[in-house]
Amino acid sequence: MATVVCILDRDDWQANTDNIVVADPARRTLTWVPRDLWCPALNDRVNAAFARGGHETLLAALAGLGLRVSHSLCLRRRAAEKVLAGLSVTVPVPAPLDMLYPLAPRIRIQEGHKIVRFRPPEERLEGERIHQWIGARRVLRGPSGDLARIRRQQVFVRRLLETGFDFAAALAEAGDLQLSSPAALAELGAVRAGWRFAVLDAVRPAFISGKEVLLRKRGLERWLAASAPGRLAAAVARPLRDRLLGSVLVVPSSGLRPPRRRVRLLAVLAARDEEKYLPGFLANVAPHVDGIVALDDGSRDGSARLLRAHPAVLEVLPVPVGRPAWDEVGNFRRLQAAALRHGAQWIVALDADERLERCFRARAERVIRRCRRLGLAAVTMRMRELWGAPDTYRCDGAWGRKRVPRLFAARADHRFDLRPLHAVKAPLQARVLGGFAAADLEIYHLRTLDRAEREARRDRYQALDPDGYWQPGLGYDYLADEGGLKLRRVSARRRFLEEGHGPLA
């Protein structure tokens, strides 16, 4: 006999389940089930089971995942909040932990978020801090997602049990729950601090029916995830994967003849007070694309006027001048949706101070055609940081390794990177082996040309991200540091032209 406990993500019996835990008294085990785990019997995530058909469908879905469960207990979110209200629990924090969390526990993170921080050696959790600890899914440094959240939930539950907390009594008192059988509360009352805690974590991310899900691993995959030798093998393989994607498996862009334009390629741009760079941007980019979708992010100069006046600009999305805060993710969501409305098949995401190489369109057509044959939906492009002159770029250290995933297929199910700074623009589900494939395409960055601009850029990012949370291991001092400087000339065949594309491919 075993009982599954589910907490709904809203105060509605038709809502999906946010947490799923199986209590097995015979094995003295609590097993957490990731809510995004794909259930073939449902053709959906397992967290949709209770909403689909109540206790019977939930138990059948778990059986399909190999979990033999006899009883179920489901409670609305407000019941869980009532159980947690007034609790005070100290949890160990072995390392600094910084996460994104909604501005309030009951709103979606897309509607606004804040950074919550937990510091070693321990934290006393009360009120909203409990919900932050057990609910946050996006970690700034380290593993994110439901599995990372489950590990913190286990720490919290273990500490609660060590204090003698009786989950069965607390839930019965809170009300707002549904039982498949009275035996569910009896089995839950047997849970003790000495029980083993487990997770169905031999899973891999996938994208099915437009949804980001987790699939259970099989055979070799499961061994790699679950065994110590397997984890060691995976750790050794990871840097080889990065090298393979970044320098070995590069989609070529060259060809003997200029290809015809077969793809509707649109550029997207978010700009704020970029009057200095926009004329050159428009002259450079417009000949290479089938249109530009722009967002004016509250500019006070003539940026919006320049964009609206250019014939290649299909739409200018406005943001009020008095915007409350910079919303990089929200801006890009709007741009991507607008590009889809304008019929984009592929998108190149650019900034106003960036330029495309001559003959970019011909090269991009070849890359896209080859990507389709290889099953790739996004590629990185080399970022050339220009230094001192428009035909010279910096190539030492991190400068010479910069690649950005800016060319990607337009898709309605685009999975967005939610980091407020330096977010990836390509859809995250387009990654291969955890990274993006590389292409032989180049972008040139003009804001690094002179020292004053470089120092201003460093100061701006340090003000936005003083602790370097969004640039771990690198920070922003390097943007103005000239130590070890090495420069290289841009090939004449690959230079950018602000009056359009050149004759060479």
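What follows is calculated from the coordinates using simple rules that are stated; it is not laboratory data. Remember, predicted model here, so these are calculated numbers, not experimental data. No Cβ is skipped: glycine too gets one built from the backbone with ideal geometry, and neighbour counts run over all protein chains shown.
Does the range 248-489 classify as rounded, prolate or oblate by the C-alpha gyration tensor (a ≥ b ≥ c root eigenvalues; a/c under 1.5 gives rounded; else a/b over b/c gives prolate, otherwise oblate)?
rounded
With just the Cα atoms defining each centre, how far is the range 1-52 from the range 273-305? Give it in Å.
When both Cα centres are located, 49 Å separates them.
Run through the DSSP bridge list for the chain and note the antiparallel percent, rounded to the nearest 5.
Taking every DSSP beta bridge with both residues in the chain, the antiparallel ones total about 60 percent.
Which is farthest toward the positive dipole end of the chain among Leu497, Pro205, Pro96, measuring Cα position about the Cα centre, with Cβ charges +1 (Lys, Arg) and -1 (Asp, Glu)?
Ranked along the dipole, the leading option is Leu497.
Using the Cα centre as the reference, give the magnitude of the dipole from point charges on the C-beta atoms of the chain (Lys, Arg: +1; Asp, Glu: -1; all else neutral), rounded to the nearest 20 debye.
2040 debye
In nanometres, what is the gap between the two model label sites at Gln178 and Lys486, each 7 Å from Cα along Cα-to-Cβ?
6.5 nm
What order, most packed first, do the peptides 32-41, 134-143 have when packing is the mean number of other Cβ atoms within 10 Å of each residue?
Top to bottom by mean Cβ count within 10 Å: 32-41, 134-143.
Measure out, as a whole number of angstrom, how far apart the alpha-carbon centroids of the range 98-156 and the range 325-399 sit.
Cα centroid of the range 98-156 versus Cα centroid of the range 325-399: 33 Å apart.
Quick one: which residues, 5 or more positions from Leu295 or on another chain, have an amide H under 5 Å from its amide H? H modelled 1.01 Å from N in the peptide plane, none for Pro or chain starts.
Amide H neighbours of Leu295: Leu269, Ala270, Ala271, Leu317.
Fewest first, what order do Met99, Met383 take by the number of other Cβ atoms within 10 Å?
Met383, Met99
I'd like to know which of Trp399, Leu266, Ser254 lies farthest towards the positive end of the charge dipole of the range 248-489, counting +1 on Cβ of Lys and Arg and -1 on Cβ of Asp and Glu.
Selected residue: Ser254.
Helix 228-243 sits at what angle to the longest principal axis of the chain, using alpha carbons and giving 0 to 90 degrees rounded to 10?
Compared with the principal axis, the helix lies near 20 degrees.
With an 8 Å cut-off on Cα pairs and a minimum separation of 6 or more residues, tell me the relative contact order of the range 1-201 in percent.
25 percent
Nearest 10 degrees, 0 to 90: what angle lies between the long axis of helix 146-162 and the longest principal axis of the chain (Cα atoms)?
Relative to the chain, helix 146-162 is tipped by roughly 30 degrees.
Under a 5 Å amide H to amide H cut-off, with H placed in plane at 1.01 Å, what residues pair with Arg415 once short-range neighbours are removed?
So Arg415 has HN proximity to Leu428, Gln429.
Just flag the trypsin sites (Lys or Arg not before Pro) in the range 347-383 sitting in loop per DSSP whose Cβ has no more than 10 other Cβ atoms within 10 Å.
Taking the range 347-383 and a limit of 10 other Cβ atoms within 10 Å, no loop trypsin sites (Lys or Arg not before Pro) are found.
Counting only GluC sites (Glu not before Pro) that are in a DSSP loop and have at most 14 other C-beta atoms within 10 Å, tell me the longest site-free stretch of the chain.
The answer is 1-481.
Give me Val432, Val348 ranked fewest to most by other Cβ atoms within 10 Å of their Cβ, as a rough exposure proxy.
So the ranking, lowest neighbour count to highest, is Val432, Val348.
Can you bin the range 388-505 into rounded, prolate or oblate? Criterion: square roots of the alpha carbon gyration tensor eigenvalues sorted a ≥ b ≥ c, rounded for a/c under 1.5, prolate for a/b above b/c, oblate for the rest.
It is oblate, given that a/c is not under 1.5 and a/b is not larger than b/c.
Exceeding 23 Å between C-alpha atoms, which entries from my cross-link table qualify? They are Lys114/Lys217; Lys114/Lys402; Lys425/Lys486; Lys211/Lys425.
Correct reply: Lys114/Lys217; Lys114/Lys402; Lys425/Lys486.
Setting aside same-chain residues fewer than 8 positions from Lys276, which aspartates and glutamates have a Cα under 15 Å from its Cα?
Partners found: Asp296, Asp301, Asp351, Asp353, Glu354, Asp450, Glu453, Glu498.
In terms of modelled amide H atoms, which long-range or inter-chain residues lie less than 5 Å from the amide H of Phe496?
Those lying under 5 Å, H to H, from Phe496 are Arg358.
Note down the magnitude of the dipole of the range 99-183 about its Cα centre, charges +1 on Lys and Arg C-beta and -1 on Asp and Glu C-beta and zero elsewhere, to the nearest 20 debye.
Here the size comes out at about 620 debye.
In terms of the Cα gyration tensor, with a ≥ b ≥ c the square roots of its eigenvalues, is the range 1-201 rounded because a/c is under 1.5, prolate because a/b exceeds b/c, or oblate?
prolate
Using mean projected area of the Cα convex hull in nm² as the read-out, say which of (i) 25.9; (ii) 23.8; (iii) 38.6 was calculated from these coordinates.
Here the calculated entry is (i).
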